[in-house]
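Below you'll find the structure, written out as structure tokens, and then a few comments.
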Amino acid sequence: MADQRWVRLSTDQATNTLYVLDTELSLDVCGAAPPGAKTFDVWGSPGVNLYILHNGEVVKVPSCVPRWPLTTRVEVIVTMDSPSTKVDDEKVRILYYKENAKAAMAKANLLLTCIQVSLDADTTRTGSVTRRAKNKKKWTWGPNGSGAILLVNCDRDDPKAKDMDNADQRLQSFMDLKDMSLMILTTRGPEEVFEENHLLLRISASDSDKVGVFHAQGKKKLNQYKHVLGSGKISYLVERSNGQVETIFYVEGLAFPDVNFSGLVSIHATLLEATTKALPEAPIFNDTVVFRTSPWIMTPNTLQPISVYICSVQDNHDFVADVSKLAKKAGCQLIICPEVENHGDRWIQDEMEIGYIQAPHKTFPVVFDSPRNRELKDFPFKGVLGPDFGYVTREAREKDVSGLDSFGNLEVSPPVTVKAKKYPLGRILIGSAVPSPSGKEMVRVVRDFLYAQRVQSPIELYSAWLLVGHVDEFVSFVPASDRKGFRLLLASPNACFKLLREKEQEGYGNARMFEGAKDKDKVSIKKILADKSLRNNNEYYQKCIDWNRDILKEELGLTEEDIIDIPQLFAPSYATKAVAYFPDMVNMLVLGKHLAVPKPFGPILHDQCCLEEEVRRLLEPLGLSCTFIDDFQPYHLRYGEIHCGTNVRRKAFTYKWWNVSP
């Protein structure tokens, strides 16, 4: 249904009003009727379409019915098809009659001027502005949905700038325009209409810190782009030149969806009709465009890697060289954060997570800076934020932040379907202490942010049985060409004990673990299997992993065939919390088909580590290539592994987030 406006008539003098294209005028026929009038007829000039709504049916005038009963159940609707060339160039006339009278007892004249006022954006999500679109006031999800999309302008296109592009009210570079959504206000009709009446662009006060709008008053200079809405400005009287049909605006997002922000913002263009000089203008038409701010989207291991981030510290030069070789083989750029920037903090996975935001006209990566705030705290902002690379963070009080808030505790699954419910962008995984008695969770501001993005519905796992407490210590995903397109890898003490028992039964009980590992006592298979305390502890750790296994099967729609158990043992540390007994092979770096797996230093049988051999047996049939990298000294002894010490930027999904049905 088109927007409808009620118009009052008079039999004393002609009524003049504006008709806005694509709307309807409902005429107050009864209100203008003189006493004694029982019927009426209606006539319109050639540029006017007249309709009678009577007893639930719509009849176009002229019709075979000469007169209509004067009751509230009869309605006269007026539309027009094209803008007027001059003021009052079309007319509607109402004649009123007494009962059975032939001559009219009174008449009401309506003089009409048709204009076009249309506020448009890319509501059909094609990458270009959709003209005179319907349902601009609504934003809907799904492949058949509609509604405009906004990027948070959180990159820094001018390298000389100190902050993100949306942190001020200026256009810093012409590149900045590409991060914004185009919005066009179209106005057609007699010039005197727009001289006497005004157009107001406005937003709600609650949206003024969520959206910014620039008016393009020229194209050649940056200062010709005037900041008109946002950052406290909620209305703008539109300035247009004589004969100007299109007024160009650029819209930027200032805030991501969050617990108190759905991501939806509305921009209105209101036509104000002049009254008398003593009274303010009266609103007679409003056009609205609703934008949704793009969510921040995580990328799973199954997406193609683009670049690998790693910290260079005093004792990891060989490790960096090994990762560099594999990155080159995988076709990835290696980005090294030097010690002068990392200050000895090697845990780059914990400091940040790289995702992306997307609109139909543009996609760019955005780094999410964790509230961890250790020595690497400045790197995401100073070393990653830049042209077409955005930044977002959520700050928390230092006393509220725990190890659960590092982003080794933040992962995402590949796309899944669960009981006919599709998650085409996968589901976020976060670790917590639930269901342990402490019940500690990831800090609220981060959890709220992740849930508010909506398109990667989070799953909470139990990770607090571990000393570090991160999901990447026992969960990973690798790509596969069959089944669901991936396998879930779970660290498995049971699988490890089973393998070691088999080797003992084959006569290799004296083969020793940690051969070649510097500053580590060697221990035989026989001694490991005889260690009841180690066995009992790992039975408990296996139960914790199995708890998560059941959650992942239920929430990701997996079967046992989708899961691969990777042999792994854990050992108790402080407060009985677990750490990896040998380098944690699940904590790997996935670069397409190339896997950088922590070298486990397992028992050597026939010149081959039996743990490496088993992992190859499990993963290489999927078309994957395992490269075992020694991280023992620089990472494992500090309770982390390869995944903890690296970070990856990956290509965005080809699937568009707005097609999701959350």
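The numbers here are math on the coordinates, done by the rules we state, and not lab data. Just so it is clear, the model here is predicted, and its values are computed rather than measured. Because the Cβ atoms are built from the backbone with ideal geometry, glycine has one as well, and the counts that use them run over all protein chains shown.
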Checked against the positive end of the charge dipole of the chain (+1 on Cβ of Lys and Arg, -1 on Cβ of Asp and Glu, about the Cα centre), the farthest of F261, S524, H636 is F261
Listed by chain and number, the residues whose amide H is under 5 Å from that of V211, excluding neighbours fewer than 5 places away on the same chain and using placed H, are S231, L254
DSSP-defined beta bridges in the stretch 282-422 - what % are antiparallel, rounded to 5 | 55 percent
Amide H to amide H, which residues 5 or more places from K38 or on other chains are under 5 Å from it, using H placed in the peptide plane?
-> Y97, K98, E99
How large is ³J(HN,Hα), in whole Hz, for each residue of the stretch 356-366 in order, when computed from phi with the Karplus curve 6.51 cos²θ - 1.76 cosθ + 1.60 and θ = phi - 60°, using x for Gly and Pro?
-> 7, 10, 8, 10, x, 9, 6, 9, 8, x, 9
What is the gain in length, in nm to one decimal, between D3 and S481 on full extension, counting 0.36 nm per residue of separation less the C-alpha to C-alpha distance?
-> 166.9 nm
For the stretch 305-659, what mean projected area does the convex hull of the alpha carbons give, in nm²?
-> 17.8 nm²
Let me know the charge dipole size of the stretch 305-659 about its Cα centre in debye, to the nearest 20, where only the beta-carbon of Lys, Arg (+1) and Asp, Glu (-1) is charged.
-> 780 debye
Of K107/K134; K440/K498; K422/K553, which ones are farther than 26 Å apart at the Cα?
-> K107/K134; K440/K498
Here are some pairs, K178/K226; K329/K593; K329/K656; K329/K651; which of them have Cα atoms lying more than 20 Å apart in this structure?
-> K329/K656
Among H198, S181, A133, which residue has its Cα positioned farthest towards the positive end of the charge dipole of the stretch 121-293, with +1 placed on the Cβ of Lys and Arg, -1 on the Cβ of Asp and Glu, and the dipole taken about the Cα centre?
-> A133
Pairwise centroid distance, computed over Cα atoms, of the stretch 398-450 with the stretch 40-66, Å = 62 Å
Taking Cα atoms, how many degrees apart are the long axis of helix 610-619 and the longest axis of the chain, rounded to 10 and kept between 0 and 90?
-> 30 degrees
Please give the contour-minus-distance gain from H198 to S436: 0.36 nm per residue of separation, less the Cα-Cα distance, rounded to one decimal in nm.
-> 79.4 nm
Does anyone have the angle between helix 317-329 and the longest principal axis of the chain? Alpha-carbon axes, 0 to 90°, nearest 10?
-> 50 degrees
Quick one: Karplus J couplings for the stretch 568-580, per residue in order, coefficients 6.51, -1.76, 1.60, θ = phi - 60°, nearest Hz, x for Gly and Pro?
-> 7, 10, 10, 10, x, 10, 4, 6, 6, 5, 8, 10, 5
Please report, in debye to the nearest 20, how large the charge dipole of the chain is about its Cα centre when each Lys and Arg carries +1 at its beta carbon and each Asp and Glu carries -1 there.
-> 1280 debye
What is the mean projected area of the alpha carbon convex hull for the stretch 197-310, to one decimal in square nanometres?
-> 12.1 nm²
Figure the gain on full extension for E561 and A274 (residue separation times 0.36 nm, minus the Cα-Cα span) and round it to one decimal in nm.
-> 96.1 nm
Which value at 222 nm does the chain reach when only helices count, each DSSP H run of 4 or more adding -39,500 (n - 2.57), with the total divided by all residues and rounded to the nearest 500 deg cm²/dmol?
-> -4000 deg cm²/dmol
Considering amide H positions built from the backbone, and no H for Pro or chain starts, which residues 5 or more places from V366, or on another chain, come under 5 Å of its amide H?
-> G355, Y356, I357, G390
Expressed in nanometres to one decimal, the distance between label points 7 Å along Cα→Cβ at M105 and K86 is 3.7 nm
Rank the residues D168, D562, D179 as a footprinting-exposure proxy: fewest other Cβ atoms within 10 Å of their Cβ go first.
-> D168, D562, D179
With Rh as the Kirkwood radius over Cα pairs, the stretch 3-116 has Rg/Rh of 0.95
Degrees between helix 493-503 axis and first principal axis of the chain (Cα, 0 to 90, nearest 10) = 30 degrees
For the stretch 143-224: span of alpha carbons on each principal axis (Å, largest first) | 46, 38, 27
In sequence order, calculated HN-Hα J values of the stretch 384-393 (Karplus, 6.51, -1.76, 1.60; Hz; x Gly/Pro) = 10, 3, x, x, 6, 9, x, 9, 8, 8
Mean separation of Cα pairs under 8 Å and 6+ residues apart, divided by the residue count of the stretch 352-432: what relative contact order is that in percent?
-> 23 percent
Starting from the Cα of K233, move 7 Å in the Cα-to-Cβ direction to define the label point; list residues of the stretch 161-181 whose amide nitrogen is under 15 Å from there.
-> 166-172
Taking R0 as 35 Å and r as the Cβ-Cβ distance between D531 and Q633, the FRET efficiency 1/(1 + (r/R0)^6), rounded to the nearest 0.05, comes to 0.90
In what order do K134, K377 fall by count of nearby beta-carbon atoms within 10 Å, going from fewest to most?
-> K134, K377
For the chain, build the charge dipole from Cβ charges (+1 Lys, Arg; -1 Asp, Glu) around the Cα centre, then report which of V48, Q304, I566 sits farthest towards its positive end.
-> V48
